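A.B. asks: The structure's right below; bear with me while I get my questions together.
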Amino acid sequence: MNKAELVDAISGKTDLSKKDIASVINAAQCSITDVLIKGGKVSLVGFGSFQVSKRKARTGMNPRTRKAIKIPARTVPKFVAGKGLKEKVR
């Protein structure tokens with residue numbers, strides 16, 4: 001499901017216009033991104049949480065040349081599903 005399909009699905013379940021729903025989704029996406037950029041965590045009870053995870057530097061291998069390469073440390077976004085979501089997906 002992409003963003004347009006999500007907007008269609010939500011508009012079918014509410015009385016809001018597609019334009020309003022799209023702006024709410026964009027605002028939520030921007031807000032979550034802003035919190036993660038600052039190193040924070042966003043928890044949606046029953047759904048899950050978005051957080052920042054740090055990966056250590058490591059040595060990998062170039063599959064083409066089979067030579068060792070250094071992979072630098074980096075910060076990545078991470079989503080952890082909540083208990084309610086896990087139970088519904090089973």
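The values are calculated or read from the model by the stated rules, or taken from the named source; none is laboratory data. Only a predicted model underlies this, so the values are computations on that prediction, with no experimental measurement involved. Backbone-built Cβ (ideal geometry, glycine too); neighbour counts: all protein chains shown. Just the protein is used for accessible areas: all its heavy atoms, side chains included, with ligands, DNA and RNA removed. Shrake-Rupley method; radii C 1.70, N 1.55, O 1.52, S 1.80 Å.
A.B. asks: Filter region 66-90 for residues that are within 10 Å of R55 (Cβ to Cβ) and of a type in the set (A, V, I, L, M) and give the result.
C.D. replies: Passing the criteria: I71, A73, V76.
A.B. asks: List the pairs whose first member sits in region 67-88 and is under 19 Å from K41 (Cα atoms) and of a type outside the set (S, T, Y), whose second member is modelled with pLDDT under 95 and exposed (fewer than 10 other Cβ atoms within 10 Å of the Cβ), and whose Cβ atoms are under 7 Å apart, counting only residues at least 6 apart or on separate chains?
C.D. replies: Sorted first by the residue in region 67-88, then by its partner, the pairs are G82/V45.
A.B. asks: All but one of (1) in a helix (DSSP H, G or I); (2) open to solvent by 70 Å² or more (accessible area, probe 1.4 Å) hold for L16; state the number of the condition that does not hold.
C.D. replies: (1) is the only condition that L16 fails.
A.B. asks: Here's another thing I want to ask about it. Within region 50-82, restricting attention to residues that are open to solvent by less than 80 Å² (accessible area, probe 1.4 Å) and part of a loop (DSSP other than H, G, I, E, B), which residue is farthest from D34 (Cα to Cα)?
C.D. replies: Among residues in region 50-82 that are open to solvent by less than 80 Å² (accessible area, probe 1.4 Å) and part of a loop (DSSP other than H, G, I, E, B), the one farthest from D34 (Cα to Cα) is T65.
A.B. asks: Could you list, in sequence order, the residues of region 25-45 that are surrounded by 11 or more Cβ atoms within 10 Å (Cβ to Cβ), free of Cβ contacts under 8 Å to residues at least 12 places away in the same chain and part of a helix (DSSP H, G or I)?
C.D. replies: N26, A28, Q29, S31, T33, D34, I37
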